[in-house]
Structures are given as C-alpha cells and as structure tokens.
C-alpha cells in the first residue's frame with residue numbers, strides 16, 4: 001500500500017541524511033525528465049511524494065503542473081502550490097524549473113526537522129534557521145550547503161537543473177539511470193553498494209581459449225549461453241563450448257580479417273563482418289555458410305541482428321550503414337550521413353531505431369522503418385569506437401578514443417553521465433543483462449562500472465595485449481573477452497559460484 005511521506009514522518013520520525021540522499025536520488029531524475037519536456041510540477045511537498053509497498057519513492061499529483069514554453073515562464077499568473085513549500089517567485093505567480101528544486105529542498109528541511117517550513121525561516125533576519133531544529137539529527141556540511149543552495153531566495157543563486165544537484169550528491173557527474181517509464185512510475189535507484197556488495201563483482205578467469213593464429217576482434221555468446229563465437233584477424237570464426245572450453249568448429253570462408261560476430265536472437269544463425277567487404281550468414285547446426293551479403297565498397301566493421309531477427313544492419317569504412325533482409329539477403333536501404341568510417345551499429349531493444357558510431361566523433365540515431373536520421377549525438381572529442389543499448393532500452397552507452405564512456409538518455413538523447421578512468425582508447429563496451437553494470441575494455445584492462453553513478457567496481461587484468469571485445473553471457477554469470485594476445489578468456493562472476 002502506498003503511503004505519503006508526510007504520514008511516514010509523523011509515524012516514524014524525522015529522516016536521516018541517508019534517507020534524504022535516497023529521496024533526492026529518487027526524485028531528481030523525475031524532475032530532469034519533466035523539465036526536459038518543458039513541464040514544471042509546481043506542487044512538490046511531503047503530501048505529494050509517496051512510498052510504495054516495495055519501498056520505492058514516487059512523485060505524484062501533477063494537477064498543478066504547467067507546460068513552460070516560449071515566454072510562458074516570464075508571465076505572471078495565479079499563485080499555485082502549497083504556501084509552505086513554494087518558491088518566492090512562484091508565490092508571486094511566476095514559476096521556473098528551479099522553483100521545483102526550491103520546493104524539493106524545503107521538503108527535505110521538513111523531513112529532517114518535522115517542523116513547518118514557516119517556522120524554519122526567520123523573516124526578521126531574512127534567513128533560514130533550519131539547523132536550529134536538527135536536535136539529535138545532524139547532517140554533513142556537504143548536504144547542508146547543498147540544501148542551502150536549493151532554497152536560495154534568488155533564483156540565480158540556486159541550482160539551475162536537477163542534474164547539477166545530482167552531481168553534488170554523487171561527487172562526480174552522475175544521474176540515476178533508473179528513469180521513469182512514465183512520470184508517475186519511478187523505479188527507485190539501487191542503494192550505493194556496501195563493501196560486501198561490491199565484492200560480489202569479482203571476476204575470476206574460468207577458461208582461456210587458444211587456437212586462433214592472430215588477434216581476436218570480436219566475441220559473442222549464443223542466446224542459450226552455451227557457445228562463444230570469436231572472429232579473428234586470421235580470417236576465421238571459431239565456436240567454443242563455454243563449460244568445457246573445447247573448440248566446436250572453425251568456420252572458414254572470409255578472405256580477410258573478421259571484425260564482428262553476432263548471433264541471431266533465436267540462436268540458429270551467426271553473422272560475421274569482414275575486411276573483405278562482406279557479411280556472411282552461417283547456419284549454427286552444422287557451421288555451413290548460408291549466404292554472403294555484398295554491397296559495401298570497403299571493410300565492414302560491424303553487423304547486428306534486429307531483435308526479431310528479420311533484418312541485419314551493417315556498417316563500413318565506406319561511411320555507410322546498410323540494412324539487409326535476412327530471409328533472402330536483399331539490401332533494403334543504405335543510410336548515409338557519417339563523414340568518416342562507421343565502426344559499430346546496434347539496434348534498440350524495441351527494434352525501432354539503429355545507433356551507429358564513427359571515426360567522425362559522432363553517434364547517429366536512425367529510424368529503422370524509413371532510414372530517417374533522427375539525431376546526431378556530439379560530445380566525444382575523438383573517434384567513437386563502440387556503442388550499446390541498455391537491456392531496457394532507456395539508455396545508450398558509447399565508448400571513444402577520447403578514453404571516456406558516455407551514457408545517453410534515449411528519451412531525449414541527452415548525455416547524462418560521462419565515465420572516466422581508462423587511460424587509453426575504449427575499444428568495447430557491454431551492458432550486463434540486468435543493466436546494472438557495464439563492462440569496458442581499454443588496452444589490456446577490462447573494467448566493470450556501476451551504471452547508476454559511473455563508479456568503477458572491478459578491474460580485471462589477465463590478457464597480455466589489447467582487449468578488443470567484451471560481452472556478457474545471457475544470465476550474466478560469464479564475461480567473454482577477445483584480445484590481440486590471440487586468446488579468448490571467459491571470466492566468471494564469483495557471486496554465481
């Protein structure tokens with residue numbers, strides 16, 4: 001049963017600092033979402049924040065919400081909202097995005113003190129005196145300063161966006177990635193892992209697979225998790241058993257380096273792309289080549305199946321992306337717009353969009369049904385080498401030769417997080433099946449990051465040369481990596497042991 005936090009504080013007492021941080025981490029992404037769609041809530045207060053039966057915090061009652069377009073923000077209107085919690089400018093009939101931040105800040109003061117906001121402000125001194133009411137519930141200097149800035153009287157002295165507040169809370173550029181599917185249904189962020197929780201993300205080498213004669217560019221798990229495929233500079237593809245580490249078969253047919261291997265969603269086919277300018281489809285049951293897709297005029301770096309398995313997207317040094325029909329290998333259309341070679345392509349989980357990344361430092365988003373360019377994402381300062389959609393389709397990650405990983409919010413294609421920590425090019429990235437962690441490779445190192453805030457939680461070393469590909473198994477128990485040391489390593493998450 002859902003309960004308003006106004007009622008909770010009456011029965012359970014004041015909130016602690018950790019509870020306030022949890023509240024802010026839960027609600028600020030909602031404000032980022034509605035503000036990015038030009039909506040101001042205008043009535044944030046304890047009575048409009050509920051705790052659901054599953055303990056998740058949700059912002060409700062958008063009856064006072066206002067669309068802020070054009071000059072609407074500058075117009076004086078009727079004062080809306082609860083007098084104790086609204087910002088001074090809102091009391092005068094003007095509401096801004098930062099007015100919601102003010103109300104959220106005042107709400108936090110009430111939760112910390114259980115005292116009416118009217119009594120937390122001294123009009124004679126024109127100052128907030130909320131610290132006098134903390135009693136035995138002290139807060140850190142950092143949180144205190146942050147709340148003071150949220151409740152500044154002058155709008156230009158407050159935080160201007162929800163993301164700015166989140167940066168302060170999480171110490172580096174961080175935004176909760178559990179963004180609501182709808183405004184009224186917020187998925188609460190996972191709590192900051194304790195040391196014990198972080199230790200579950202230790203990865204031990206389970207198998208080292210040897211047999212390729214040259215570097216490995218790509219690795220992929222079959223949908224049932226029983227097979228790993230690898231594509232190599234030695235022009236071959238190998239299939240390996242995950243449990244016994246035995247080579248099953250070697251697929252021969254490409255006349256140059258194999259850059260990408262990808263399983264069809266049903267696991268019946270494997271696609272491979274090559275420096276020989278082709279994409280090949282292979283039948284998994286016997287390793288026989290089904291057909292070769294011809295049309296690119298230069299090396300084909302990436303290939304990906306759509307979620308329904310009916311089409312394939314490929315990308316090339318020829319600066320194009322091509323979409324092919326799997327059934328007969330016919331080219332459906334060519335997407336042109338990048339100004340340099342295209343490294344990688346990925347379908348969104350709903351199959352409606354394709355993302356591509358390029359040497360031209362951009363990520364482009366295309367609509368599948370007609371090939372229309374929807375958006376160009378800029379922000380990386382060097383080539384964008386790899387991309388991946390989160391399993392729920394809410395986010396896109398990109399890895400670059402600028403040594404960073406960026407997370408983009410699919411709802412509005414805004415950058416919400418930059419992950420730093422690699423000292424060299426980021427060559428591959430992959431989301432875990434639950435979307436909570438992200439793996440990346442750079443040079444000889446694989447790093448595991450917490451998606452929520454970009455914190456590094458594991459550093460995996462073991463390869464003796466650059467790692468060009470990482471991928472999780474379907475259940476998340478294993479992580480496969482392919483390297484220029486000519487080996488594939490399968491790492492096991494110790495939480496499954």
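The values are calculated or read from the model by the stated rules, or taken from the named source; none is laboratory data. As the structure is a computational prediction, the values presented were derived from the model and not from experiment. All Cβ positions, glycine included, derive from the backbone under ideal geometry; neighbour counts span all protein chains shown.
Residues in the range 8-46 that are touching a helix residue (DSSP H, G or I) at 6+ places or on another chain (Cβ under 9 Å), assigned to a helix (DSSP H, G or I) and within 14 Å of residue 109 (Cα to Cα): 9, 17, 19, 20, 21, 23, 24, 46. Candidates are the residues of the range 389-402 that are outside any loop (DSSP other than H, G, I, E, B) and closer than 19 Å to residue 457 by Cβ; the one that is modelled with the lowest pLDDT is 395.
For every residue, the table says whether it meets (1) part of a loop (DSSP other than H, G, I, E, B); (2) modelled with pLDDT of 90 or more; (3) in contact with a strand residue (DSSP E or B) (Cβ under 6 Å, 6 or more places away or on another chain); (4) more than 18 Å from residue 20 (Cβ to Cβ).
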position	(1), (2), (3), (4)
81	yes, no, no, yes
85	yes, yes, no, no
102	no, yes, no, no
136	yes, no, no, no
143	no, yes, no, no
166	no, no, no, no
175	yes, no, yes, no
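Where strands (runs of 3 or more DSSP E) sit wholly within the range 236-308, those with at least 3 residues that are in the same structural domain as residue 491 (by TED's automatic domain parsing) and surrounded by fewer than 17 Cβ atoms within 10 Å (Cβ to Cβ) occupy 247-252, 289-293.
Can you tell me which residue among 390, 383 is in contact (Cβ under 8 Å) with a residue 12 or more places away in the chain and within 12 Å of the chain's Cα centre (by Cα)? Steps first, answer last, please.
Details: 383 fails: within 12 Å of the chain's Cα centre (by Cα).
390 is the lone residue from the list that is in contact (Cβ under 8 Å) with a residue 12 or more places away in the chain and within 12 Å of the chain's Cα centre (by Cα).
All conditions in (1) modelled with pLDDT of 90 or more; (2) farther than 25 Å from residue 410 by Cβ hold for residue 159, with the sole exception of (2). Could you list all residues from the range 117-134 that are in contact with a helix residue (DSSP H, G or I) (Cβ under 9 Å, 6 or more places away or on another chain), farther than 14 Å from residue 17 by Cβ and part of a loop (DSSP other than H, G, I, E, B)? Of everything in the range 117-134, just one residue is in contact with a helix residue (DSSP H, G or I) (Cβ under 9 Å, 6 or more places away or on another chain), farther than 14 Å from residue 17 by Cβ and part of a loop (DSSP other than H, G, I, E, B), namely 129.
Return the residue satisfying two criteria in turn: it lies in the range 204-225 and is within 27 Å of the chain's Cα centre (by Cα) and not in a strand (DSSP E or B), and of such residues it is surrounded by the fewest Cβ atoms within 10 Å (Cβ to Cβ). Explain how you work it out, then say what you get.
Kept after step one, since they are within 27 Å of the chain's Cα centre (by Cα), are these residues of the range 204-225: 204-205, 216-225.
Of the ones still in play, those that are also not in a strand (DSSP E or B) are 222-225.
Numbers: 222: 19, 223: 15, 224: 12, 225: 17.
Selected residue: 224.
Looking at (1) under 25 Å from the mean Cα position of the chain (by Cα); (2) without any contact (Cβ under 8 Å) to a residue 60 or more places away in the chain, which is the only condition residue 299 fails? Unmet for residue 299, out of (1) under 25 Å from the mean Cα position of the chain (by Cα); (2) without any contact (Cβ under 8 Å) to a residue 60 or more places away in the chain: (1).
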